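Down below is the structure, laid out as structure tokens.
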């Protein structure tokens, strides 16, 4: 694997990403909303449970990891579909 | 010197054999036409030559090196353009060429893109998204992408489809120039027979996965003996038809115009025969067989 090719793919998705409000909100807005929602819920439960935060740390960590895994598989799937729709897979497979 | 050598290449999809034990070579600076009806196996062969499909059996060698063992090194000097692939439609032409030049590890990307844009007359289109372009313009962008690394071997699958005659002619001249100046070897598929005749040094005709002819385009055309004689008969149309029917010659009638299929060497005798029967015609044209006739003959056999 050559760095130039990795850079090419990063460039390709960067160009696409910066034009698409949908993709930007998918990548930043919704994960931030998730974290805010669960963070505030967590802090509420922490107050209610009298300062015992272990369970809440577990929940928040779980959510963080879940977002990372989910975003990863989502991006791979959507980008693969995107390449299929664009009929661009052969261009990439010839070089990757 | 052989740039590409294909030996006993076969591709099977379960029971269906798309490419059946074909062997051919491509010499340095040669333009090789790859012809055949739809579904003949041309695109499958090209995809195997690009390493996108793995052959069921057989061997591909580029620059005397085995393709499977030196894939990466070889593909740096090979490029392609196909009607079956597109560039991302939501990126601009410049963005596409930029990311493609990164894929091919080109050093002076800006300079290369400007040069390619000049060659393919894309300067005014560089900042337009591919989806906004006409199909002819997209074809030019695809060709620009194919030349981005100035390859030694080019695989072009119907590269001039959707181009207007002026641009198509310009592209053909450009391909010839590349061949003459840089000894680029090209495999070229097209359904435009006159284009193949004009451009290709040699033609491989493939049908049902098998090579059925490998020769110069002029020689393939010569293998068809039948010429078409078109006559506008002023007097003696019935007699002309009688002559055709008696000699079991195929003809097509349209008003006083008749097109008769006659073997090339029998034309003088046929015309003498018409004269002796008092047939008068005020227009005559003799159409010699060309590559299209060869193609049609093979397609009919199929």
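Annotations for the structure displayed:
- Conditions (1) more than 26 Å from residue B:108 (Cα to Cα); (2) modelled with pLDDT of 85 or more; (3) surrounded by fewer than 14 Cβ atoms within 10 Å (Cβ to Cβ): number failed by residue A:18: (1)
- Residue in the range A:54-76 that is farther than 30 Å from residue B:67 by Cβ, more than 22 Å from the chain's Cα centre (by Cα) and either exposed (fewer than 12 other Cβ atoms within 10 Å of the Cβ) or within 14 Å of another protein chain (Cβ to nearest Cβ) (or both) present: yes
- Verdict on residue B:54 being part of a loop (DSSP other than H, G, I, E, B), touching a helix residue (DSSP H, G or I) at 6+ places or on another chain (Cβ under 9 Å) and within 14 Å of another protein chain (Cβ to nearest Cβ): yes
- Against the criterion of being assigned to a helix (DSSP H, G or I) and either surrounded by 18 or more Cβ atoms within 10 Å (Cβ to Cβ) or not assigned by TED's automatic domain parsing to the domain that holds residue B:200 (or both), residue B:110 does not qualify.
- Criterion: surrounded by fewer than 12 Cβ atoms within 10 Å (Cβ to Cβ) and either within 14 Å of another protein chain (Cβ to nearest Cβ) or touching a strand residue (DSSP E or B) at 6+ places or on another chain (Cβ under 7 Å) (or both) - qualifying residue of A:80, A:96, A:89, A:11: A:80
- Of all the criteria given as (1) surrounded by fewer than 20 Cβ atoms within 10 Å (Cβ to Cβ); (2) facing chain A (nearest Cβ under 8 Å); (3) over 30 Å from residue B:27 (Cα atoms), the one not satisfied by residue B:91 is (1).
- Options B:187, B:211, B:171: the member that is touching a helix residue (DSSP H, G or I) at 6+ places or on another chain (Cβ under 8 Å) and either more than 29 Å from residue B:287 (Cβ to Cβ) or outside any helix (DSSP H, G or I) (or both): B:187
Conditions tested, residue by residue: (1) part of a helix (DSSP H, G or I); (2) within 27 Å of residue B:88 (Cβ to Cβ).
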{"position": "A:18", "(1), (2)": "yes, yes"}
{"position": "A:22", "(1), (2)": "yes, yes"}
{"position": "A:26", "(1), (2)": "yes, yes"}
{"position": "A:31", "(1), (2)": "yes, yes"}
{"position": "A:37", "(1), (2)": "yes, no"}
{"position": "A:50", "(1), (2)": "no, no"}
{"position": "A:56", "(1), (2)": "yes, no"}
{"position": "A:61", "(1), (2)": "yes, no"}
{"position": "A:75", "(1), (2)": "yes, yes"}
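- The residue that is farthest from residue B:80 (Cα to Cα), counting only those in the range B:20-51 that are in a loop (DSSP other than H, G, I, E, B) and within 14 Å of chain A (Cβ to nearest Cβ), is B:51.
- Residue within the range B:89-107 that is closer than 25 Å to residue B:204 by Cβ and part of a strand (DSSP E or B) present: no
The values are calculated or read from the model by the stated rules, or taken from the named source; none is laboratory data. None of these values were measured; they are calculated from a predicted model. A quick note on method: Cβ atoms are made from the backbone with ideal geometry, for glycine too, and the neighbour counts reach across all protein chains shown.
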